[in-house]
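See structure below.
Nothing in this text is a laboratory measurement; each read-out follows from the coordinates by a stated rule. Since we're looking at a predicted model, the values are computed, not measured. In this analysis, Cβ positions are derived from the backbone assuming ideal geometry, glycine residues included, and neighbour counts consider all displayed protein chains.
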Amino acid sequence: MADCRESEIFYRPLTTHNTGTVAQNAATAQLGAYAANFVMSKPALGVTDALEHIIEEKLEVVDGRLRVPTGPGVGIIIVDKAMCVNMADGEPFWDQHWYPLETGGS
């Protein structure tokens, strides 16, 4: 965020290009809502599926503008089962059963 403030101080517009997956696009939408000098983004929405199947609610574009998602974190909720589709056989999933919150270490 320091870069956002620096570009604002020096009156430089802030833009992003090829932000990638749906999670990155959601984060970019949050950045755009935060930075006063954010001008535009050129995401991959609609060009590819950009992993849009991994979130509960699709990102919404209205009149050429991406609405800022309002869910937790960057605004999206990841669908666990969609994330498991491309896992290798025997690969553990990163839920609370595989990655415990308490490590028991000192």
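Simple spin-label model, 7 Å along Cα-to-Cβ: residue 82 to residue 36 in nm?
Result for the modelled spin labels: 3.6 nm.
Would you mind getting me the FRET efficiency between residue 62 and residue 11? Use the beta-carbon distance for r and R0 = 30 Å, nearest 0.05.
Rounded to the nearest 0.05, the efficiency is 0.55.
How big is the range 2-84 in terms of Cα radius of gyration and Dmax, in angstroms?
Spelled out, the Cα radius of gyration and Dmax of the range 2-84 are 13.6, 45 Å.
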